[in-house]
1. Can you give me the ranges of the strands (runs of 3 or more DSSP E) entirely in segment 21-122 with at least 2 residues that are touching a residue at least 24 places away in the same chain (Cβ under 8 Å) and more than 14 Å from the chain's Cα centre (by Cα)?
2. Need the failing condition index for F57 against (1) surrounded by 17 or more Cβ atoms within 10 Å (Cβ to Cβ); (2) touching a Leu at 6+ places or on another chain (Cβ under 9 Å); (3) among the hydrophobic types (A, V, I, L, M, F, W, C), just the number.
3. Take G73 and tell me if it is surrounded by 15 or more Cβ atoms within 10 Å (Cβ to Cβ) and over 20 Å from L173 (Cα atoms).
4. Select from segment 123-139 the residues that are among the aliphatic types (A, V, I, L, M) and within 17 Å of the chain's Cα centre (by Cα) and write down the one among them that is surrounded by the most Cβ atoms within 10 Å (Cβ to Cβ).
5. Do you know which residues across segment 111-133 are over 19 Å from L179 (Cβ atoms) and at pLDDT below 95?
6. Within segment 143-158, track down each residue that is within 18 Å of S104 (Cα to Cα) and in contact with a helix residue (DSSP H, G or I) (Cβ under 6 Å, 6 or more places away or on another chain).
7. Go through segment 103-122 and give me each residue that's small (G, A, S), surrounded by 14 or more Cβ atoms within 10 Å (Cβ to Cβ) and in contact with a strand residue (DSSP E or B) (Cβ under 8 Å, 6 or more places away or on another chain).
8. Show the residue pairs meeting these rules: Cβ distance below 7 Å; 6+ apart or different chains; first residue within segment 147-174 and modelled with pLDDT of 90 or more; second residue outside any strand (DSSP E or B) and charged (D, E, K, R).
Amino acid sequence: MTTTWTAAALSQDVPAGTAAPGRLGDRDLAIWRSASGKIAAWADRCPHRGMRLSHGFVRGEALSCIYHGWRYGQTGQCIKIPAHPGLEPPDAIRVPAFAVAEASGVIWVADGAPATAPPAFEGFTGFRSLQVDAPASVVAEALGGKGDAIRAALGPTPAVALIQPLGPDRSGLHLLAPLSAAPEALDALSVAAEDLRRRAEAGQKGRAA
């Protein structure tokens, strides 16, 4: 169940008109959604002064840097420099953009152009993301599986766990819950996720000792 796509966030955590930080391997991302709902994933640096674009603000279909207000359109091209309102920004002023798509309530990113669509998990949707201070392999082991996408029962609730490497000793865990799950089942899944995090982090500390 591995893929060229990487699960970077849950759709519900990046609502329309907002930007959020993300990661793809060792690269920082700015993940943002326009007012009309279009999702984008860019390098998290403004070409002007290097400010993080994930700290910026969304207006309509564009993302503006919070520092000097340089505005970028959906493709990453600079479309306005407030200090020079009569200037048409040159084509060279552009933020590197990454492939991005959504499936099963998950925002997937990739470097390059994947040959296939991101995986969809029928009957499941994004529920909760959390960070774990342990490598992806240790998190997978705590889930009783291998790879970056594992179907598992967390407590009494079936789930899909998508594991995102965030560094040598940290991982992101994006949980998908059944669409039909009752509120009490989701509560149990949340409790089980916290227990999983504790077990994975304890296991990593034991290895490092």
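1. Details: elements: 27-33, 39-43, 57-59, 62-64, 78-80, 97-103, 106-110.
Those strands (runs of 3 or more DSSP E) span 57-59, 62-64.
2. Among (1) surrounded by 17 or more Cβ atoms within 10 Å (Cβ to Cβ); (2) touching a Leu at 6+ places or on another chain (Cβ under 9 Å); (3) among the hydrophobic types (A, V, I, L, M, F, W, C), F57 violates only (1).
3. Values: surrounded by 15 or more Cβ atoms within 10 Å (Cβ to Cβ): yes; over 20 Å from L173 (Cα atoms): yes.
For G73, the condition - surrounded by 15 or more Cβ atoms within 10 Å (Cβ to Cβ) and over 20 Å from L173 (Cα atoms) - is met.
4. Filtering segment 123-139 for residues among the aliphatic types (A, V, I, L, M) gives 130, 132, 134, 136, 138-139.
Filter once more, so that each one left must be within 17 Å of the chain's Cα centre (by Cα): 130, 132, 136.
Working: L130: 14, V132: 25, A136: 21.
Here the answer is V132.
5. Residues of segment 111-133 that are over 19 Å from L179 (Cβ atoms), as a first pass: 111-117, 130-133.
The answer is D111, G112, A113, P114, A115, T116, A117.
6. I150, A152, T157
7. Kept after step one, since they are small (G, A, S), are these residues of segment 103-122: 103-105, 110, 112-113, 115, 117, 120.
Checking which are surrounded by 14 or more Cβ atoms within 10 Å (Cβ to Cβ) leaves us with 103-105, 110.
Answer for segment 103-122, where residues must be small (G, A, S), surrounded by 14 or more Cβ atoms within 10 Å (Cβ to Cβ) and in contact with a strand residue (DSSP E or B) (Cβ under 8 Å, 6 or more places away or on another chain): S104, G105, A110.
8. Pairs that qualify, where the first residue is modelled with pLDDT of 90 or more and the partner is outside any strand (DSSP E or B) and charged (D, E, K, R), are L162/D148; I163/D148; D169/D133; R170/D133.
The values are calculated or read from the model by the stated rules, or taken from the named source; none is laboratory data. Everything quoted here is computed from the prediction, not taken from an experiment. As a convention, Cβ positions derive from the backbone with ideal geometry for all residues, glycine included, and neighbour counts pool all protein chains shown.
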